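The values are calculated or read from the model by the stated rules, or taken from the named source; none is laboratory data. This structure is a prediction, so every number in the text was calculated from the model and none was measured. Cβ placement follows ideal geometry from the backbone for every residue including glycine, while neighbour counts extend to all protein chains displayed.
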Amino acid sequence: MTAGDTIAPNEIRLWPDGAPGALGQRAQDTPTLTPFLPETSKRNGASMVVLPGGSYSGLAVHEGKGYAEWLASQGIAAYVLKYRLGSNGYRHPVMINDAARALRMVRAFAKRDGLDPARVGIIGSSAGGHLASTLLTHFDGGKSDSTDPFERESSRPDLGVLCYPVISLGEFAHAGSRKNLLGDNPAPELLQNLSNQFQVTKDTPPTFIWHTVADKTVPVENSLMFAAALRQAGVPFSLHIYETGAHGLGLGGTRGQAPPWAAQLLYWLGERKFIK
């Protein structure tokens, strides 16, 4: 095995005996969670699953580790999901299965570690935002009779955070993400089912969304449509649209100055009593 085929010691395999539908046994076939935990004295009881972007063909470190380190500094137990990718031969529903499994595991970890299993959120950027919005609209309550303790947990996030997300797979889709997720000729009903603005219901979790009008990669209409659907369904949300800023800014730094979404997210998390 090459260095790229290894699993780091701190990575937690979602399925220790091999992931369902795996195409091999390499690192790219092995979805994992990497924990970034706050100091015990700083923990506020909340947890977050972090879904990096990358067009379903890669995983952006600044939207994974970068977010997780920041969340941990705020007292939130963060877990970065390495989900399987279209560039490695995977297609839907593998990605949403990985995300759902991760959410179940983090909820179980919260119970184990004395954190609050009713404060488990999800944050995703770009294509990771599409995956997050898919879980926000395609969750289940778990299987109470499963012999796997993780599968007994609900996959419903208690809230979601969407950063310049891909939402639609139709008119305003990011073509690369759609192709990597579904292939060249997806069925119309699948495009509809995974255009997540159409899947919002009153049971969709509260959601924080931010985007920029200047985004030339994923049009701002994606966020506007999802927010409109949340509004129509009566789901609480906080929408932040900034005029300037390129796609993929994350928390800023070397990629340029980011809008003040992080501070506004903390305010909203406090409003929601997600952090205390």
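Number of residues in region 139-189 that are assigned to a helix (DSSP H, G or I) and more than 20 Å from TRP210 (Cα to Cα) equals 13.
If you go through region 222-275 and keep only what is closer than 23 Å to ALA77 by Cα, loosely packed, with under 15 Cβ neighbours inside 10 Å and in contact with a helix residue (DSSP H, G or I) (Cβ under 8 Å, 6 or more places away or on another chain), you end up with just GLY253. Residue under question is GLY253, and the condition is that it be farther than 15 Å from ALA214 by Cβ, out of contact with any strand residue (DSSP E or B) (no Cβ under 9 Å at 6 or more places or on another chain) and in contact (Cβ under 8 Å) with a residue 24 or more places away in the chain; does it hold? For GLY253, the condition - farther than 15 Å from ALA214 by Cβ, out of contact with any strand residue (DSSP E or B) (no Cβ under 9 Å at 6 or more places or on another chain) and in contact (Cβ under 8 Å) with a residue 24 or more places away in the chain - is met.
The set of residues in region 61-71 being farther than 24 Å from LYS111 by Cβ, among the small types (Gly, Ala, Ser) and either in a helix (DSSP H, G or I) or in contact with a Phe, Trp or Tyr (Cβ under 7 Å, 6 or more places away or on another chain) (or both) consists of GLY66 alone. Taking region 95-104 as the range and being surrounded by 21 or more Cβ atoms within 10 Å (Cβ to Cβ) and of a type in the set (A, V, I, L, M) as the test, the residues that pass are MET95, ALA99, ALA100, ALA102, LEU103.
Within the option set GLY58, GLY45, being farther than 20 Å from SER154 by Cβ, touching a residue at least 12 places away in the same chain (Cβ under 8 Å) and either assigned to a loop (DSSP other than H, G, I, E, B) or in contact with a strand residue (DSSP E or B) (Cβ under 9 Å, 6 or more places away or on another chain) (or both) holds for one residue only, GLY58.
Only a single criterion out of (1) surrounded by fewer than 17 Cβ atoms within 10 Å (Cβ to Cβ); (2) hydroxyl-bearing (Ser, Thr, Tyr); (3) under 18 Å from ASP158 (Cβ atoms) is not satisfied by SER87, namely (3).
When region 255-276 is filtered for residues that are within 16 Å of THR207 (Cα to Cα) and not in a loop (DSSP other than H, G, I, E, B), the ones remaining, listed by number, are TRP261, ALA262, ALA263, GLN264, LEU265, LEU266, TYR267, TRP268, LEU269, GLY270, GLU271. Among the residues examined, VAL49 qualifies as of a type in the set (Val, Ile, Thr), surrounded by 18 or more Cβ atoms within 10 Å (Cβ to Cβ) and within 14 Å of the chain's Cα centre (by Cα).
Condition check ((1) among the hydrophobic types (A, V, I, L, M, F, W, C); (2) modelled with pLDDT under 95; (3) under 19 Å from the mean Cα position of the chain (by Cα)) across all residues:
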site: GLY176; (1), (2), (3): no, yes, yes
site: ASN196; (1), (2), (3): no, no, yes
site: HIS247; (1), (2), (3): no, no, yes
site: PHE274; (1), (2), (3): yes, no, yes
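Hey, any hits in region 74-89 for a residue that's closer than 29 Å to ASP215 by Cα, in a helix (DSSP H, G or I), at pLDDT 95 or above and among the polar types (S, T, N, Q)? Among the residues of region 74-89, at least one is closer than 29 Å to ASP215 by Cα, in a helix (DSSP H, G or I), at pLDDT 95 or above and among the polar types (S, T, N, Q), which makes the answer yes.
So which of THR134, THR204, THR147 ends up being in contact with a helix residue (DSSP H, G or I) (Cβ under 6 Å, 6 or more places away or on another chain), farther than 23 Å from GLY58 by Cα and of a type in the set (Ser, Thr, Tyr)? First the steps, then the outcome.
Working: THR134 fails: farther than 23 Å from GLY58 by Cα; THR147 fails: in contact with a helix residue (DSSP H, G or I) (Cβ under 6 Å, 6 or more places away or on another chain).
None of the other options fit; the residue is THR204.
Figure legend. Inter-residue proximity from region 161-184: first residues farther than 15 Å from ALA228 by Cβ and touching a residue at least 60 places away in the same chain (Cβ under 8 Å), second residues acidic (Asp, Glu) and assigned to a loop (DSSP other than H, G, I, E, B), beta-carbon distance below 7 Å, spacing 6+ or different chains. Indicated pairs: TYR164/ASP215. Step by step: first the residues of region 90-113, then only those that are part of a loop (DSSP other than H, G, I, E, B) and without any contact (Cβ under 8 Å) to a residue 40 or more places away in the chain, then the one that is farthest from the chain's Cα centre (by Cα). Which residue is that? Checking each candidate, the answer is ASP113.
Any idea which residue in region 105-123 is surrounded by the fewest Cβ atoms within 10 Å (Cβ to Cβ), counting only those that are within 17 Å of TRP268 (Cα to Cα) and not aliphatic (A, V, I, L, M)? Filtering first and then ranking leaves ARG119.
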